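The values are calculated or read from the model by the stated rules, or taken from the named source; none is laboratory data. The structure presented is a predicted model; accordingly, all values stated were derived computationally and were not measured. Cβ placement follows ideal geometry from the backbone for every residue including glycine, while neighbour counts extend to all protein chains displayed. Keep in mind that these areas ignore ligands, DNA and RNA; they rest on the heavy atoms of the full protein, side chains included. Shrake-Rupley method; radii C 1.70, N 1.55, O 1.52, S 1.80 Å.
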Amino acid sequence: MKPLLRFSVPLWTLLVFSASTRAQCISNCSTGTFNIISTTTTNVTFELKPNCSLTVGNIASGNGLITGLTPGAVYEIVLNCSHCCNVSQITTKPETVSLTVTNITTSSIFVNWTEPVGMSSFYKVQWTGGGRNVPVNVYETFYNITNLTAGVQYEITVTAVAGDNYTEGQSATVIKYTKPAVVKNLTFTGFTTTSVSINWTKPDGGVDWYIIQWNGTQQVSSRTNETFFTIPGLTPGTLYNISVAAASVNQSNAGDNSYISTFTKPAVVKNLTFTGFTTTSVSVNWTKPDGGVDWYIIQWNGTQQVSNRTNETFFTIPGLTPGTQYIISVAAAVNQSNVGDNSSISTFTRPEKPGTISVTQGTNTLSISWILPRGNISYYQVNISNENLVFTNSSQTVATTTNFTYLKPGRLYNITVTAFAGNFWSTSDQVSFATVPKPPGSIIFSRQSNSSLQLQWATPDEMSRAPDIIYSIAYQAVGGPSQNTTSTQNNTLLSLLDSGTNYTVTVKTIGPGNLSSTVVQNSSFTLPNPVRNLIVSPESTTSLNVNWLNPLGVKSYYRYLVDTYNDTGGLIYSTNITNNSTTVPNLNPGTNYSVTVRTKAAEGSESTVEKAFSYTIPEAVSNITAVGTTTSLSVSWTLVTGKVSSYSVVLNSAGQLVNRTVNNQTTNTVFGGLTPGVIYCVQLITKSGPYESNSSLVCNATFPNPPGSITVKSQTVNSINFTWALPQNMRHNQYNFSVTTTNNTFVTKDNWFLLGNLPSGSPYNISVVTVGVMGYKSTSVTTVNYTRPFPVSNLTQTEITTNAVTLVWKQQESKLSYSYWVQVTNESNVIVNELNVKITNATIINLRSGSNFNFTVTTLTADGTQADPGTVSYFTRPYNITELKAETINTTAINLNWMKTAEYKDDYKYRVATSGCAYKNDTLRQKTIQISGLNPGTNCTFCVSVMAANGIEGQTVCTSQYTKPETVQPTISGHSNSSITVKWTKPKGNVERYSLYLTPNTTIQSLNSLTASYQFANLSAGRAYSVVLTTISGPFNASSELVTNATLPNPPGPIKILSKTTSSTETQWTEAPLMTGAKFYYLLTYTSSQQSKNITTTNTRWNFSPLSSGTSYNISVTTVGELGFQSETVRIT
């Protein structure tokens, strides 16, 4: 049944009567009045007369009940009675709204409801409470009731009014309290360690009670009817956030909180104790009190009150006065000014250590004084002790000085000063002071020398066994400087003194602390030094000359005592002089005498004795004869008159002396083993002691020796240079040689002779004799020798292997008797091979590879005479390397390594030739190399050969390897909804082929090296695709990073308008095709002349609202797929 689409109807029922539409009715239906028994939201009951029927639309009723109507709608009713009809309008009651309250404040309540089923024209909102009852007509489904009183109960009703603007439905009612107002003037009135007291002023409006909440470690609440409250059971020193809210009977309807925060008073700290003391500080600690603490306040009151604070449970109070009493208190504190009660203790600081201890010293007394650096003391105690004396004593005083008497002289005493303050004391560093020592006894000289004086003295009175005692000795020669020494004994030796000098000596006692006594004094001479270099020499056969040097440290007052003794010890001559020489006369020739000399400085001061000996000169010999042979000379003579101890026969040859001693009864002697061909002179010497007399000379000569064996010094192809050994035991300047050859005789002083203009390789005869002084000749020596052959020429190699060298050469003026000596030496000049051949070539085998060898070929005559050698040097070839391996490092580098060659040598080098990917040669010593700078992705060939020291190479070994190809990073372009195009730039170097991998389709495309792009077709729309491009060369490949892009999504189907209202338009479109499984959504855009807005959705239907009525909108839909790619846009207006 379709109701009339009307928005206003009369407030009464209008009956319209009209004539029946049947033939019997002669007039149209007219208006009239119906009797309505009851009306509901969907039914109307009429009072119906017999033979009457009701029709509403296409619903007819014969019993007066019309059902199935729309609530709140206006209907046209036709009454058919007796072929006539009456027309009237009725209105059903609206449905009851569903009423809710969504927001309550202190002065408003916001209500809303759902639009009832059926039709309604407006809503009547009415509320009672707070002395007001005001209805309001509302055309929306919500209303905010304002200007209410806080904390008051309100009854609110909402009634829907039907489309006739009159008929009301059943009312919906809700009862609510407005929110109470916030309490005023919330303040604190008291604090303890476990409670806080607050009060406040009642807020405006109604209040039933107050809710108090606080949140120390957990949220707690309570309530009261008063405007004050004490919160008990709190934790000391803890921050509490306290709130008070007014509440109505409905406990859930509380007003906003009024907040205030505070700390409870901290508790008293526990176990306050001292943990350390210094002169200027005291350390305390304590146990944290129950509850919270932010910090602690420490106070102390020496001369004035001082305070500090800390976050720790310990504290060191600095800057105190030493030796002073302090009262110290600690209180816990929180926030800025909330301080707990004090806990107090008392103590002294340690006193300062006394210092700067000084003394006034006597032999038996010490007067001690000191300084206290700062602070206070109760008293001082001064201790004195000496361990050796087993002595201790002490003195107490409040002054800074004290005296000790009856002490031992020259003793070191240990002193300490202790300052006391309360229970503390501080002892000074121990100092040591000494009493003054007493002087020693008289000085006694016990021994003298030329450089020292030994002296001794008695130990000082009262100082027997006194430790650390020394004696200071001062001594001074007349006019000389004063010198000092020390001794720990009561005697000393003064050394390094001047000889023969008078010294004045003083001695004083030095005790501990370098304190000294008065002095004692005495004097004595040192002994003089003996004379120096005493020499007694013969002046003649009957006198001696005596000389000496002055003694060291000679003085002007010295005298010398000279005494002469014969060989039996008898004194024969004595003298006392002041100079340093004298002559002893009237002596016997050839006699031995002794002479002594003493230095005298003063009585009782004489030097030691210096003694010397000497003989007088003997007589000379005459009548000498000498007869010689080649190696001996016989000498004879006549005995001389007078006293002689022995004879010496001197044989002299050009300054070379041969001396022979015989007894004084011999008259001849023979000298053997002389040098041949030398003139010798003979002289006889008579001896007495060390002195002698020489005879005149007698001369003769020995015969020469023959020359040595003849040898060839040098030979050439046309000459022989002969040489021979010099005659044995002969002087070369006293002889020459007579050389005889086949046809001639030559005289020469040289021991060689050169024969020239001879044929090569021929024999010759030579003889040589020695001609000495006085024309004497020796026996002859002879020999036969050859001239040298020509040396080999054009010596060269014809083949070199790793262990053999073949040589060839030529020979000038070759003879059948010639042979060739081939010798091979290594680098150390050691012979490794030798052979003798009769032909002009040879192969030397069993050589070491890669080694340098010297090859010498020498031509030999029949007697072995050698030509000049011909020498060449050649290296054998090294062996080739093994196990050559190439390892690719990267795109431009390959690492090569190999095994050492057989018979490897340290001077080997390797030549590495690179081709194919670069052309280069590298020479190196190690067996590995990294070849860089190669073309990427290229097959390289590497050949390695071993080079010996001279550059000769062994067999070459080669291998090949690829470098890695460069990585190529592709790009994706040319988007469509079914394809993507991949492009890239050809990399540096070479690529044999490309492999292009597409995912998620798992497609792999192999491409040749000339390709630089590829299009993947037949792809799904709106999908993300990732591509990896791999370059491949040989066994290597290089993959790019994953590149991701997407195909475009397909557009949606055409847009349809499903419905429109004055403020909305509902649309629908067909889902974008072929997008199943893809991630996408739709971008909706609607624009007008006043606004433009975008909406995203995954649905294919959308209701655009709120829109402006009567306004034209352009609506478009676009599919948005992977990576935000958009399809073509579908539009409608």
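Of the residues making up the range 918-954, just one is buried (at least 20 other Cβ atoms within 10 Å of the Cβ), part of a loop (DSSP other than H, G, I, E, B) and without any contact (Cβ under 8 Å) to a residue 60 or more places away in the chain, namely LEU934. Applying the criterion of at least 2 residues that are in contact (Cβ under 8 Å) with a residue 12 or more places away in the chain, more than 30 Å from GLU47 (Cα to Cα) and among the hydrophobic types (A, V, I, L, M, F, W, C) to the strands (runs of 3 or more DSSP E) found wholly in the range 84-181 leaves 99-104, 109-113, 122-129, 132-138, 142-145, 153-161, 172-177.
Among the residues of the range 588-604 satisfying the criterion of being β-branched (Val, Ile, Thr) and open to solvent by 10 Å² or more (accessible area, probe 1.4 Å), which is nearest to GLY500 (Cα to Cα)? The selected residue is THR596.
Quick grid of which residues meet (1) surrounded by fewer than 18 Cβ atoms within 10 Å (Cβ to Cβ); (2) part of a strand (DSSP E or B):
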{"position": "LEU684", "(1), (2)": "no, yes"}
{"position": "GLU692", "(1), (2)": "no, yes"}
{"position": "ASN705", "(1), (2)": "no, no"}
{"position": "GLY708", "(1), (2)": "yes, no"}
{"position": "SER714", "(1), (2)": "yes, yes"}
{"position": "ASN718", "(1), (2)": "yes, no"}
{"position": "PHE722", "(1), (2)": "no, yes"}
{"position": "LEU726", "(1), (2)": "yes, no"}
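Count of the range 465-490 residues, restricted to those that are out of contact with any strand residue (DSSP E or B) (no Cβ under 8 Å at 6 or more places or on another chain) and either open to solvent by less than 80 Å² (accessible area, probe 1.4 Å) or aliphatic (A, V, I, L, M) (or both), is 2.
If you take the residues in the range 217-238 that are assigned to a strand (DSSP E or B) and among the small types (Gly, Ala, Ser), which one is modelled with the lowest pLDDT?
SER221
In the range 414-429, the qualifying residues are those that are farther than 13 Å from TYR379 by Cβ and part of a loop (DSSP other than H, G, I, E, B), and the one that is least open to solvent (accessible area, probe 1.4 Å) is SER428. Filtering the range 466-501 to residues that are part of a loop (DSSP other than H, G, I, E, B) and touching a residue at least 40 places away in the same chain (Cβ under 8 Å) leaves ALA466, PRO467, ASP468, ILE469, ASN490, SER495, LEU496, LEU497, ASP498, SER499, GLY500, THR501. Whether any residue in the range 605-623 is on the phi > 0 side of the Ramachandran plot, out of contact with any Lys or Arg (no Cβ under 7 Å at 6 or more places or on another chain) and open to solvent by less than 70 Å² (accessible area, probe 1.4 Å) is what I want to check. Taking every residue of the range 605-623 in turn, none turns out to be on the phi > 0 side of the Ramachandran plot, out of contact with any Lys or Arg (no Cβ under 7 Å at 6 or more places or on another chain) and open to solvent by less than 70 Å² (accessible area, probe 1.4 Å).
Evaluated against (1) part of a strand (DSSP E or B); (2) more than 28 Å from VAL717 (Cα to Cα), ASN803 falls short on exactly one condition, (1).
Within the range 772-819, restricting attention to residues that are over 30 Å from THR876 (Cα atoms), open to solvent by 30 Å² or more (accessible area, probe 1.4 Å) and in contact with a Phe, Trp or Tyr (Cβ under 6 Å, 6 or more places away or on another chain), the residue that is modelled with the highest pLDDT is GLU813.
Considering TRP200, TRP214, the condition of being in a strand (DSSP E or B), touching a residue at least 12 places away in the same chain (Cβ under 8 Å), closer than 27 Å to VAL268 by Cβ and open to solvent by less than 50 Å² (accessible area, probe 1.4 Å) is satisfied by TRP214 alone. Mind checking which residues of the range 159-189 are within 30 Å of TYR259 (Cα to Cα) and crowded, with 16+ Cβ neighbours inside 10 Å? Hits for the range 159-189 are LYS176, TYR177, THR178, LYS179, PRO180, ALA181, VAL182, VAL183, LEU186. Restricted to the range 571-678, the set of strands (runs of 3 or more DSSP E) holding at least 3 residues that are under 30 Å from TYR735 (Cα atoms) comprises 622-628, 633-638, 646-653, 656-662, 668-671. Residue check: is THR745 open to solvent by 40 Å² or more (accessible area, probe 1.4 Å) and hydroxyl-bearing (Ser, Thr, Tyr)? Yes.
Quick grid of which residues meet (1) at pLDDT below 90; (2) open to solvent by 60 Å² or more (accessible area, probe 1.4 Å); (3) over 60 Å from the mean Cα position of the chain (by Cα):
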site: TRP113; (1), (2), (3): no, no, yes
site: PHE122; (1), (2), (3): no, no, yes
site: THR128; (1), (2), (3): yes, no, yes
site: ARG132; (1), (2), (3): yes, yes, yes
site: PHE142; (1), (2), (3): no, yes, yes
site: THR146; (1), (2), (3): yes, yes, yes
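Restricting to the range 997-1041, give me the number of residues that are within 30 Å of CYS917 (Cβ to Cβ), in a loop (DSSP other than H, G, I, E, B) and touching a residue at least 12 places away in the same chain (Cβ under 8 Å). So the count comes out to 7. Taking the stated definitions as given, is LEU1010 loosely packed, with under 14 Cβ neighbours inside 10 Å and closer than 30 Å to LYS964 by Cβ? Here the answer is yes, as LEU1010 does meet what is asked. In the condition set (1) closer than 20 Å to THR157 by Cβ; (2) in a strand (DSSP E or B); (3) modelled with pLDDT under 85, SER53 is compliant with all but (1). Within the range 1069-1088, the set of residues being open to solvent by less than 70 Å² (accessible area, probe 1.4 Å) and either among the hydroxyl-bearing types (Ser, Thr, Tyr) or closer than 26 Å to THR1111 by Cβ (or both) comprises TRP1069, TYR1082, LEU1083, LEU1084, THR1085, TYR1086, THR1087, SER1088. Scanning the range 327-340 for residues that are open to solvent by less than 20 Å² (accessible area, probe 1.4 Å) and either at pLDDT 90 or above or among the hydrophobic types (A, V, I, L, M, F, W, C) (or both) turns up ILE328, SER329, VAL330, ALA331, ALA332, ALA333, VAL334. The range 1046-1104 holds strands (runs of 3 or more DSSP E) entirely within its bounds, and those carrying 1 or more residues that are under 28 Å from HIS975 (Cα atoms) and among the hydrophobic types (A, V, I, L, M, F, W, C) map to 1055-1060, 1065-1069, 1081-1087, 1092-1097.
Against the conditions (1) under 15 Å from TRP370 (Cβ atoms); (2) surrounded by 19 or more Cβ atoms within 10 Å (Cβ to Cβ); (3) in contact with a Gly (Cβ under 9 Å, 6 or more places away or on another chain), PRO437 satisfies every one except (1).
For LYS986, the requirement of being assigned to a loop (DSSP other than H, G, I, E, B), at pLDDT 90 or above and open to solvent by 50 Å² or more (accessible area, probe 1.4 Å) is met.
Could you say whether any residue in the range 830-843 is among the hydrophobic types (A, V, I, L, M, F, W, C), part of a strand (DSSP E or B) and loosely packed, with under 12 Cβ neighbours inside 10 Å?
So far as the range 830-843 goes, yes, one or more of its residues are among the hydrophobic types (A, V, I, L, M, F, W, C), part of a strand (DSSP E or B) and loosely packed, with under 12 Cβ neighbours inside 10 Å.
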